[in-house]
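The values are calculated or read from the model by the stated rules, or taken from the named source; none is laboratory data. Quantities reported herein were computed from a predicted structural model and do not represent experimental measurements. Neighbour counts run over all protein chains shown; Cβ positions are idealised from the backbone, glycine included. The accessibility values were calculated without ligands, DNA or RNA, using every heavy atom of the protein model including side chains. Shrake-Rupley method; radii C 1.70, N 1.55, O 1.52, S 1.80 Å.
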Amino acid sequence: MFENMNISQGFYEEDFLAFIAKNSFITQEQKMLIRERMNSGQQLVDLLQGLFSGEEILQYKSNFLGIARIYLSDQQIDPSVAALIPEELAAKYNLIPVEIQEGKLLVAMADPTDTRAFEDIVLYSGHQVVPFLAAAEEVKVAIREFYTVKKSREDTSDEFVEAINIWKLDETVKRGQQGSVVRLVDSLLRQAVREKASDIHWEPREESYKVKFRIDGRLEVKTILPISVARSVAARLKIMAGMDVTERRIPQDGRIILDLPSKKIDIRVSTFTTVYGEKVVTRILDNETAKLSLAELGMRKEVEEGVRELLQQPHGLILVSGPTGSGKTTTLYALLRELQSESHNIISIEDPVEYRLPGVNQAQVNTKIGLDFAQGLRAILRQDPDIIMVGEIRDKETAHIATAAALTGHLVLTTVHTNTAAEALTRMLEMEIEPYIVAASICGVIAQRLVRQLCPYCRELRPVPGEIKKVFNWGSIDHFYVPRGCQKCRGTGYNGRIGIHEYLKYDQQIKELVLRKGSALEIERLSRALGIPSLKDNALLRVIEGRTSLEEVIGLTAGV
């Protein structure tokens with residue numbers, strides 16, 4: 001049954017560790033430390049993640065077991081073959097049948113050493129099984145695609161599926177028939193969720209209707225439709241979002257709950273009338289984002305340790321700074337998750353409430369009834385709060401109330417739109433907060449950006465040019481990674497995004513400079529003299545680590 005491995009030997013972590021130590025750069029000391037932690041109950045795979053990428057661990061496992069590695073994003077999976085195994089069984093063991101060759105069933109498995117899984121596959125399929133090793137996340141995506149998503153498309157015509165695949169519309173959609181428009185919108189929303197897009201832009205142009213996905217912070221044109229379908233698509237989205245379909249002159253906002261079998265997706269809808277018709281933007285909010293812990297934000301170890309110390313403060317103002325789309329709200333939510341406790345009354349005022357946090361009393365700004373950040377913050381202070389989260393400090397009034405709350409025994413978390421941590425301090429002074437209040441209330445500042453992460457499957461190691469070594473003082477750095485592009489990253493060379501963070505510890509010397517109304521440049525110089533890495537320094541360290549590219553860092557930290 002198991003031709004390409006000796007499954008009877010089992011998968012022993014001690015043997016796997018010895019194999020890796022023999023075939024990699026692990027030192028004897030590291031091996032001893034890993035073994036000690038394994039004896040205390042930690043999993044070997046978790047311990048190896050600090051030394052190797054996920055792909056490298058899979059390659060070692062493949063060689064150790066003698067099982068071929070399979071990349072599901074490159075594989076054409078036959079739906080009829082996938083159907084040989086029920087969805088419940090595939091999800092239980094995290095596996096999926098790929099194809100049948102010479103009467104044998106080829107199965108991609110996250111854990112090909114699971115003998116119980118083999119027995120059940122044989123029982124259900126009636127075929128001899130040949131296992132392949134696949135990344136756990138790739139298998140989960142494939143299961144969603146070939147079970148969950150396929151079910152939702154069963155009522156879709158062959159002509160429509162073919163049209164979507166080649167980014168054209170069939171004649172029924174061109175004539176605006178409602179059934180085809182419904183399937184078109186539904187299919188594009190689901191595709192955006194699968195591709196982890198954050199936004200969809202539905203843009204009418206003079207002679208066409210463009211649909212764009214924002215993936216990893218960049219807009220990509222996904223399809224170009226006839227302009228004749230624009231009104232029908234906009235109407236369908238407005239109906240789904242509970243908007244007024246007859247109103248096409250003024251902007252509207254709404255909300256869609258996309259009910260997928262695996263999870264529910266919250267989609268915010270905004271319309272805006274242009275000279276060519278209504279432009280619609282749908283923002284996709286995945287609740288998994290709100291579940292990120294502080295450790296999962298990807299901060300460098302030194303930054304994370306500083307932030308954790310900051311959260312131990314009993315009161316004060318914590319500022320998170322950065323431009324729009326830099327992940328500030330995600331960071332605030334991660335900080336709140338660290339602070340969550342039944343003994344704390346945590347209240348937030350946001351615009352809007354993007355994700356629901358258990359244990360947090362969340363409220364939303366509503367300017368139509370006069371509830372802005374300042375008004376909401378005043379009301380919160382009458383609710384006996386311990387921890388307050390203010391979505392953003394936009395005006396002097398909110399700044400004054402937030403700093404006053406921080407001085408009267410509350411821990412306040414908020415954001416400001418500035419490029420650096422030093423500028424966040426001077427922004428508070430510009431809002432006419434007295435220097436002594438700024439110095440006394442603020443206990444720390446976090447600045448951040450999001451940069452695209454290099455695709456681990458196709459990144460290329462290149463020598464560092466001499467000019468770059470001189471500019472960045474990389475005397476000991478001889479090689480760095482650059483993007484290339486493959487099917488897994490849609491030819492972009494990047495896959496996902498990571499955060500770049502700067503933590504400005506608000507010590508006595510910086511406080512004294514703030515009291516003297518020092519400029520952002522002076523604060524920057526002092527923080528560098530104190531050995532605090534800047535946002536750009538932290539970004540360049542990510543380049544050296546191979547997590548992102550130099551071009552990406554230069555583009556996003558320009559002017560920092």
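Quickly run through segment 185-202 and pick out the residues that are farther than 25 Å from Q487 by Cβ and open to solvent by less than 20 Å² (accessible area, probe 1.4 Å).
Within segment 185-202, the first condition is being farther than 25 Å from Q487 by Cβ, and the residues that meet it are 185-186, 202.
If the condition is that a residue be farther than 25 Å from Q487 by Cβ and open to solvent by less than 20 Å² (accessible area, probe 1.4 Å), then V185, W202 are the ones that fit.
Exactly one of (1) more than 29 Å from the chain's Cα centre (by Cα); (2) at pLDDT below 90 is unmet by A404. Its number?
Only one criterion in (1) more than 29 Å from the chain's Cα centre (by Cα); (2) at pLDDT below 90 is unmet by A404, namely (2).
Please specify each residue of segment 271-319 satisfying the condition of being more than 30 Å from V245 (Cα to Cα) and assigned to a loop (DSSP other than H, G, I, E, B).
E288, L292, S293, G298, M299, R300, L311, Q312, Q313, P314, H315
Which residue pairs have Cβ atoms under 7 Å apart, sit 6 or more places apart or on different chains, and have a first residue in segment 66-80 that is without any contact (Cβ under 8 Å) to a residue 40 or more places away in the chain and a second that is open to solvent by 60 Å² or more (accessible area, probe 1.4 Å) and acidic (D, E)?
Short answer, once both residue conditions are applied: none.
Output the number of residues of segment 373-398 satisfying the condition of being surrounded by fewer than 16 Cβ atoms within 10 Å (Cβ to Cβ) and not in a helix (DSSP H, G or I).
The qualifying residues number 4.
Okay, residues lined up against (1) outside any strand (DSSP E or B); (2) on the phi > 0 side of the Ramachandran plot; (3) open to solvent by 50 Å² or more (accessible area, probe 1.4 Å):
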site	(1), (2), (3)
Y457	yes, no, yes
G475	yes, no, yes
G499	no, no, no
E512	yes, no, yes
K517	yes, yes, yes
N538	yes, no, no
R542	yes, no, no
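Restricting to segment 204-226, and then to whatever is open to solvent by 60 Å² or more (accessible area, probe 1.4 Å) and over 25 Å from the mean Cα position of the chain (by Cα), can you tell me which residue is nearest to Y494 (Cα to Cα)?
Start the filter on segment 204-226 by keeping residues that are open to solvent by 60 Å² or more (accessible area, probe 1.4 Å), which leaves 205-207, 214, 218-219, 221, 224.
Subsequent filtering for residues that are over 25 Å from the mean Cα position of the chain (by Cα) retains 205-207, 224.
Numbers: R205: 29, E206: 32, E207: 32, I224: 24 Å.
Ranking the candidates gives I224 first.
Looking at this structure, is T329 of a type outside the set (G, A, S), in contact (Cβ under 8 Å) with a residue 24 or more places away in the chain, closer than 30 Å to R255 by Cα and open to solvent by less than 20 Å² (accessible area, probe 1.4 Å)? I'd like the intermediate steps shown before the answer.
Working: of a type outside the set (G, A, S): yes; in contact (Cβ under 8 Å) with a residue 24 or more places away in the chain: yes; closer than 30 Å to R255 by Cα: yes; open to solvent by less than 20 Å² (accessible area, probe 1.4 Å): no.
Here the answer is no, as T329 does not meet what is asked.
Just for segment 12-29: of the residues that are under 21 Å from T115 (Cα atoms) and surrounded by 14 or more Cβ atoms within 10 Å (Cβ to Cβ), which one is modelled with the lowest pLDDT?
That would be E13.
Please specify each residue of segment 112-134 satisfying the condition of being in a strand (DSSP E or B) and either buried (at least 18 other Cβ atoms within 10 Å of the Cβ) or modelled with pLDDT of 90 or more (or both).
Residues of segment 112-134 that are in a strand (DSSP E or B), as a first pass: 128-133.
Selection gives V129, V130, P131, F132, L133.
Yes/no matrix, rows are residues, columns are (1) open to solvent by 20 Å² or more (accessible area, probe 1.4 Å); (2) among the hydrophobic types (A, V, I, L, M, F, W, C):
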| position | (1), (2) |
| --- | --- |
| A68 | yes, yes |
| A82 | no, yes |
| L95 | no, yes |
| E102 | yes, no |
| L105 | no, yes |
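Being at pLDDT 70 or above, under 29 Å from R459 (Cβ atoms) and not in a loop (DSSP other than H, G, I, E, B) is the requirement here; does F52 meet it?
no
Identify, please: which residue in segment 232-266 is among the polar types (S, T, N, Q) and open to solvent by 50 Å² or more (accessible area, probe 1.4 Å) and is, among those, farthest from V281 (Cα to Cα)? Spell out how you get there, then give the answer.
Step one: list which residues in segment 232-266 are among the polar types (S, T, N, Q), which gives 232, 246, 252, 262.
Those left that are additionally open to solvent by 50 Å² or more (accessible area, probe 1.4 Å): 246, 262.
Numbers: T246: 18, S262: 24 Å.
Residue satisfying both the conditions and the ranking: S262.
What single numbered condition from (1) open to solvent by less than 20 Å² (accessible area, probe 1.4 Å); (2) in contact with a strand residue (DSSP E or B) (Cβ under 8 Å, 6 or more places away or on another chain) fails to hold for P463?
So P463 meets the others, but not (1).
Against the condition outside any strand (DSSP E or B) and surrounded by 16 or more Cβ atoms within 10 Å (Cβ to Cβ), how does V229 come out, does it pass?
On the way: outside any strand (DSSP E or B): yes; surrounded by 16 or more Cβ atoms within 10 Å (Cβ to Cβ): yes.
It is true that V229 is outside any strand (DSSP E or B) and surrounded by 16 or more Cβ atoms within 10 Å (Cβ to Cβ).
Inside segment 234-269, can you point out the residues that are small (G, A, S), within 20 Å of Q191 (Cβ to Cβ) and part of a helix (DSSP H, G or I)? Spell out how you get there, then give the answer.
Initial filter on segment 234-269 (small (G, A, S)): 234-235, 241-242, 254, 262.
Narrowing the set further to residues that are within 20 Å of Q191 (Cβ to Cβ) leaves 234, 241, 262.
Across segment 234-269, the qualifying residue is only A234.
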